[in-house]
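The structure under discussion appears below in the form of structure tokens.
The values are calculated or read from the model by the stated rules, or taken from the named source; none is laboratory data. A quick note: this is a predicted structure, and the numbers were derived from the prediction, not measured. Virtual Cβ from ideal backbone geometry, glycine too; neighbours counted across all protein chains shown. For accessibility, only protein heavy atoms count, side chains too; no ligands or nucleic acids. Shrake-Rupley method; radii C 1.70, N 1.55, O 1.52, S 1.80 Å.
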Amino acid sequence: MKRLFQKIPDSAYAMMGQGANMLGALLVMLMLVRAFDAALFGIWVLYQALFTFAEMARMGFVQNGLVKFATAHPGEYQGILTSAFVLNIALGLGLWGLLILLTPLLAGLWNTPELTELVWHYGFTVCTLGSLRFMEYIQMANKDFRGVFWGNLIAGLSYALLIGIGFGSGLELRPIHAIYGQGIGALIGICFVWFYRRSFFRFGNFNILWLQKLFHYGKYVLGTNISSMILQKVDIAMLAYFINPAAVALYNISSKAPNYMEVPLKGGAQYYFPRIAEAAAHQPPKYVAKLFEEAMGMLLAINIPLFLGAFVFAKYIMLFMGGQEYVEGYFILQILLFNTLIKPWGRMFGTTMDAIGHPKVNFRMVFFSLFANALLNYLMIPIWGVLGAALATTCTLCLSTLVSLLILRRYVPISPWRSLAQIWIFYRKLSMKLIPKPA
């Protein structure tokens with residue numbers, strides 16, 4: 001068994017790490033959607049949107065800068081880690097305070113007063129899940145994804161187990177139970193990662209210069225992540241405003257399967273970011289283009305069969321995800337599934353632009369997408385409701401993908417056609433590994 005795990009490539013571990021993270025979230029969601037009524041589940045979804053907003057903001061400031069600088073300056077590894085750790089803690093506490101100030105306004109706008117109480121407990125998440133994510137960034141900087149996988153798997157399953165105990169024992173579950181269950185699961189994951197990869201966590205003297213470099217590099221990544229987060233949640237916010245939390249719940253369940261299908265996308269972006277950053281520093285642009293096209297081929301080759309299977313069995317997926325109450329949303333799911341074939345282009349555009357040192361361009365692209373998505377949602381939701389939100393998101397992704405590819409070609413000589421050709425190359429290499437050669 002040990003030899004089997006040793007043969008798994010790092011690219012697979014990067015995707016498995018994201019998959020492990022989402023597995024726990026999926027198991028918990030399956031229980032909470034049955035424990036909460038539609039209105040309460042909609043409130044939980046809105047809290048998750050705020051929570052994800054804060055976490056993405058912190059990740060934007062810390063993750064890419066830490067990975068890029070630690071890769072490029074191995075001799076100053078300890079100082080970079082310490083500066084990144086200070087920045088991580090300061091941002092976590094600052095964003096918690098910001099949410100405390102803003103949530104009463106949002107709760108009034110969405111008519112969900114319960115949100116205000118939930119945000120006060122987010123501080124526990126800052127200290128637990130925030131620390132686990134920081135340890136994940138350190139492992140990425142060392143191009144090691146095994147610990148990321150095992151840490152996320154242990155944390156996610158522990159989270160699901162705690163909620164499962166409450167669900168199975170008949171406890172009246174509330175959102176606050178999920179918040180603390182997630183935090184305790186993260187603590188268990190932290191303990192494992194610390195002992196599993198202790199050699200990576202070598203802290204040194206705090207260096208204000210590295211803090212400044214991380215801050216200035218991360219401010220554009222922060223803007224990108226915040227804009228990207230709002231881009232992903234603007235449909236939910238507008239559904240809550242124009243319709244009600246029950247519509248938010250229906251749309252959220254419909255979007256779950258496409259979100260889980262992003263596991264290869266997130267893992268692939270994590271795997272290729274340090275490699276593209278290293279290539280950009282030491283290789284000509286055509287080598288960066290080769291890595292981009294290779295990544296696109298792999299991601300699309302994985303997503304195409306997932307898309308086809310999910311599209312055919314959309315009704316059964318909705319029944320599994322949310323129960324009979326949500327089956328009617330299967331056509332929303334089918335529309336959103338097309339996004340799984342479009343998103344890889346935008347994600348790898350952003351990954352490449354950040355890695356080659358142009359996070360400002362990536363930020364502007366995401367901001368353009370945010371504006372387009374907000375406008376289309378504003379126009380379509382009052383007319384078509386939940387269907388309008390799905391159509392607006394899909395149209396936005398098509399437009400932003402076309403524009404981003406045109407921009408990327410100004411910096412890196414990528415070819416969409418060579419990217420598509422990599423799909424066949426990926427399948428051919430995979431078949432050669434799976435099918436033994438005749439003797």
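Would you mind finding the one in 54, 38, 25, 72 that is touching a helix residue (DSSP H, G or I) at 6+ places or on another chain (Cβ under 8 Å) and open to solvent by less than 10 Å² (accessible area, probe 1.4 Å)? Only one candidate qualifies: 54. Of the residues making up the range 142-171, those that are touching a residue at least 12 places away in the same chain (Cβ under 8 Å) and part of a loop (DSSP other than H, G, I, E, B) are 142, 143, 144, 145.
Just need a number here: residues in the range 187-197 that are assigned to a helix (DSSP H, G or I) and in contact (Cβ under 8 Å) with a residue 40 or more places away in the chain. So the count comes out to 7. Looking only at residues in the range 290-318 that are of a type in the set (Gly, Ala, Ser) and in contact with a helix residue (DSSP H, G or I) (Cβ under 8 Å, 6 or more places away or on another chain), the one that is surrounded by the fewest Cβ atoms within 10 Å (Cβ to Cβ) is 301. Those helices (runs of 4 or more DSSP H) of the range 31-120 that lie entirely within it include none in which at least 1 residues are in contact with a strand residue (DSSP E or B) (Cβ under 7 Å, 6 or more places away or on another chain). Residues in the range 149-185 that are farther than 29 Å from residue 76 by Cα and open to solvent by less than 60 Å² (accessible area, probe 1.4 Å): 19 in all.
Matching residues to (1) over 30 Å from residue 65 (Cβ atoms); (2) modelled with pLDDT of 85 or more; (3) in a helix (DSSP H, G or I):
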| residue | (1), (2), (3) |
| --- | --- |
| 382 | yes, no, yes |
| 396 | no, yes, yes |
| 417 | yes, yes, yes |
| 420 | yes, yes, yes |
| 424 | yes, yes, yes |
| 432 | yes, no, yes |
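Per the conditions (1) modelled with pLDDT under 90; (2) open to solvent by less than 70 Å² (accessible area, probe 1.4 Å); (3) within 25 Å of the chain's Cα centre (by Cα), the sole criterion not satisfied by residue 347 is (2).
Among residues of the range 198-208 being touching a residue at least 60 places away in the same chain (Cβ under 8 Å) and assigned to a helix (DSSP H, G or I), the one that is most open to solvent (accessible area, probe 1.4 Å) is 208.
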